[in-house]
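Participant: Provided herewith is a single structure, encoded as C-alpha cells, for subsequent inquiry.
The values are calculated or read from the model by the stated rules, or taken from the named source; none is laboratory data. The structure displayed is predicted, hence computed values, not measured ones. Here the Cβ is made from the backbone with ideal geometry for all residues, glycine too, and neighbour counts use every protein chain on show.
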C-alpha cells in the first residue's frame, strides 16, 4: 500500500523515537528516524520528505539551528517541534520559522496525528503546484516554438501536422489545469487557520494564471488558421476553467 506521506523523525531520546515512529507507521506513514540535527540535515538532502518532526534540545538543534537551516536544505518543508522543556522563548522563535505545531512532551497523540495530517497535506499541495508549474513551463516552450512555425508545417512522424500536435498539447494543458483546480479544492477542504501557502495569493498560481490567459489569447488569434473542432472545444474549456479560478 502506498504510504500516506514520508516523515523524518529526529530525536535523541530513543524510547520516544522508536515508539513515535511505530505509531506513525501504523497510521500509514513512511517514517525514518535520526538522533541529531546533523543526521537530520544529511537525510533531508538525500530524500524527498513531506514533514520533519524534530526535538528542540537534541544535539545539533539546541538553538533551532536545524530549523533555521531548512530553507537551504528542503525549502517549504513543514516542521513539527516537540520538546520536554517548553519555554516562551522557543515558542516565540518557532513562530518565525516553518513550524506548523509546537508540542510539549509527553505528547497528546491525537494532537500529533492532527499535526502530521496537516503538515503532509500542506507539503503535498506545494509539491503538486510545483509539478504543475513545471508542466506549464514545458507547454509554454512548446507553444513558443509553434508560434514561430508556419501553419502548414509538418512535424516529425507519420501524418503529423501542427494542428494535430496543437490538439494534443492543448488537451494536456486542460488536464493540467483540471489537476490544479482539484488541488486547490483539496487544499481548501482541509485548510486550517495557519497555512504555508494561501492559495489565493500564491505566486505559483499567479504564474499559472498568466500562462492560462496567454494560451487563451493565442487560441483566439489562431482560430481562423486552425479549423479543428477539437481545438474549438479546448478553447471553450480553457475559458471555462479561467472563470472558475480563485
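Participant: Which of the residues belonging to region 1-24 are free of Cβ contacts under 8 Å to residues at least 24 places away in the same chain and either assigned to a loop (DSSP other than H, G, I, E, B) or in contact with a strand residue (DSSP E or B) (Cβ under 7 Å, 6 or more places away or on another chain) (or both)?
Facilitator: Passing the criteria: 2, 17, 21.
Participant: Residue under question is residue 112, and the condition is that it be buried (at least 16 other Cβ atoms within 10 Å of the Cβ), modelled with pLDDT of 90 or more and outside the structural domain of residue 63 (by TED's automatic domain parsing); does it hold?
Facilitator: Criteria met by residue 112.
Participant: If we scan region 25-46, do we find a residue that is part of a loop (DSSP other than H, G, I, E, B), at pLDDT below 95, assigned by TED's automatic domain parsing to the domain that holds residue 69 and surrounded by fewer than 16 Cβ atoms within 10 Å (Cβ to Cβ)?
Facilitator: Looking through region 25-46, none of the residues is part of a loop (DSSP other than H, G, I, E, B), at pLDDT below 95, assigned by TED's automatic domain parsing to the domain that holds residue 69 and surrounded by fewer than 16 Cβ atoms within 10 Å (Cβ to Cβ).
Participant: I would also like to ask the following. Would you be able to tell me the number of residues in region 58-109 that are without any contact (Cβ under 8 Å) to a residue 24 or more places away in the chain, within 19 Å of residue 35 (Cα to Cα) and not in a strand (DSSP E or B)?
Facilitator: Of the residues in region 58-109, 3 are without any contact (Cβ under 8 Å) to a residue 24 or more places away in the chain, within 19 Å of residue 35 (Cα to Cα) and not in a strand (DSSP E or B).
Participant: Separate question: Go through region 42-76 and count every residue that is under 12 Å from residue 10 (Cβ atoms) and in contact with a strand residue (DSSP E or B) (Cβ under 9 Å, 6 or more places away or on another chain).
Facilitator: Total meeting the criteria: 17.
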